[in-house]
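Take a look at the structure set out below.
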Amino acid sequence: MGWSFSISVVLFLTLLIEIHGSGRSFVESGCNLFQGSWVYDNSYPLYDISMCPFIEQEFDCESHGRPDKFYLNYRWQPTGCNLTRFNGEDFLNRLRGKSLMFVGDSLSLNQWQSLTCMLHTAVPFASYSIVRNGGFSIFTFTSYNVKLMFSRNAFLVDIVGEKNGRVLKLDSIGAAKTWKGADVLIFDSWHWWLHTGRKQPWDFVQDGNQTFKDMDRLVAYEKALTTWAKWVDYNVNPAKTRVFFQGVSPDHVNAEKWGGHAGNTCVGESRPVLGSKYPGGPLPAELVLEKVLRSMKKPVELLDITTLSQLRKDGHPSIYGTGGHRSLDCSHWCLPGVPDTWNVLLYAALTQK
């Protein structure tokens, strides 16, 4: 692949022992809402995508001819308790006069689009506006004075154009000035750290005074997250702003990880993995993220969506996205779909206080 994506067994096991089960994820009344399984529910999905003309085409699998419908009807069921059903009107009333910002890559876009559709469906006659300016988008429910924002920033740290090329600076976070003032911040980063070749948006990576042609991506990810964590610790007032991290959204490009046949991907998958355990185990990036969150002084709540999303091998556009057979997509999620559950969990977290 042109770079070494290796993590030693010792480091991985150390992270696993040290981090898994950390108290950063949201637990309600002693029940971990992120542990559970997917159950079929005829009352799902939470909305009809035809009611949301603003949804990006890449997430609209039905319009691109996906023939199966079972993926639309699964509900996340925590073990030992129930999730409160999403109430969009209540969500907007709680945020009245406030702003919520998603910061991250296209998985953040996936979640932002899901939330805007969930809320619009709940209050279909409420006026709204959408403003897009480059990588920054604002969806405003004008009658509630609620702004739902999306800031595209795949690495959280800066990429700067210099004489020798585009430099990914692991200790620079100038873009953070746009995050100030939001009442709720929801961050995400991992997907783009894996890109190489023509899809890689930088030429060099800089760590302090040292510049490299490449670096172990997991090491670079931890350094960037540490820079982000320092920014939060020094700049966020918890009395004013609640901070969440979305967690690591998994892909399903290797069926062997869920007990499938070698060479298969998410194409043709129509049911979730049964039960509450994912055969492929935790993602190294997930463990690094949890390690960084544990080191922080300011509270950051982890939307621990990794395992529940790993179980949804059926939830991706696969060949029913904008690229069709030419561009297989086992990374993003169909809407309606899995990101709706991420937002149900976000709603549960916001309503606990």
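Worth pointing out:
- Whole-Hz couplings from phi, Karplus 6.51/-1.76/1.60, listed for the stretch 82-90; x for Gly and Pro: 10, 7, 5, 5, 4, 10, x, 5, 5
- Positive end of the dipole of the chain (Cβ unit charges, origin at the Cα centre): among C31, L289, A224, the Cα lying farthest that way belongs to A224.
- Within the same chain, lysines fewer than 8 places from K313 are excluded, and of the rest, those with a Cα less than 27 Å from its Cα are K69, K199, K257, K277, K291.
- Derived scalar couplings ³J(HN,Hα) [the stretch 317-326; Karplus, 6.51 cos²θ - 1.76 cosθ + 1.60; whole Hz; x for Gly, Pro]: x, 6, 9, 10, x, 5, x, x, 5, 6
- In this structure, the amide hydrogen of R166, modeled 1.01 Å from its nitrogen in the peptide plane, lies closer than 5 angstrom to those of D203, F204, counting only residues at least 5 positions away or on a different chain.
- Charge tally in the Cβ shell below 9 Å around A122, where Lys, Arg are +1 and Asp, Glu are -1, A122 excluded: -2
- Residues listed by number, the stretch 155-182, amide nitrogen under 18 Å from D203 label point at 7 Å toward C-beta: 158-170
- Cβ-based charge dipole, the chain, positive-most Cα from A349, F54, G97: G97
- Accessible surface of the chain, 1.4 Å probe, proportion on carbon and sulfur as whole %: 51 percent
- Taking the Cα centre of the stretch 273-352 as origin and assigning +1 to Lys and Arg Cβ atoms and -1 to Asp and Glu Cβ atoms, the resulting dipole is close to 220 debye.
- Within the shell of other residues whose beta carbon sits under 10 angstrom from the beta carbon of I49, the net charge comes to -3, with Lys and Arg scored +1 and Asp and Glu -1.
- About its Cα centre, the dipole of the stretch 189-320 is roughly 300 debye, where the only charges are +1 on Lys and Arg Cβ and -1 on Asp and Glu Cβ.
- Heavy-atom accessible surface of the chain, averaged per residue, reaches 44 Å², computed with a 1.4 Å probe.
- Virtual spin-label span in nm between N73 and Y40, 7 Å along Cα→Cβ: 0.6 nm
- Antiparallel %, DSSP beta bridges [both residues in the stretch 145-302], to 5: 45 percent
- In this view, the solvent-accessible surface of V157, computed with a 1.4 Å probe and all protein chains in place, comes to about 10 Å².
- Centre-to-centre, using Cα atoms only, the stretch 313-333 and the stretch 179-234 are separated by 26 Å.
- Estimated [θ] at 222 nm from DSSP helical runs (n ≥ 4, -39500 (n - 2.57)) normalised by residues in the chain, nearest 500: -7500 deg cm²/dmol
- Note on exposure: I138, I305 ranked by accessible area (1.4 Å probe, complete protein assembly) read I138, I305, with the most exposed listed first.
- Charges were assigned to the Cβ only: +1 to each Lys and Arg, -1 to each Asp and Glu. The resulting dipole of the chain about its Cα centre is roughly 760 debye.
The values are calculated or read from the model by the stated rules, or taken from the named source; none is laboratory data. Keep in mind it's a predicted model, so treat the numbers as computed, not measured. Ideal geometry is used to build each Cβ from the backbone, glycine not excepted, and the neighbour counts take in all protein chains shown. The accessibility values were calculated without ligands, DNA or RNA, using every heavy atom of the protein model including side chains. Shrake-Rupley method; radii C 1.70, N 1.55, O 1.52, S 1.80 Å.
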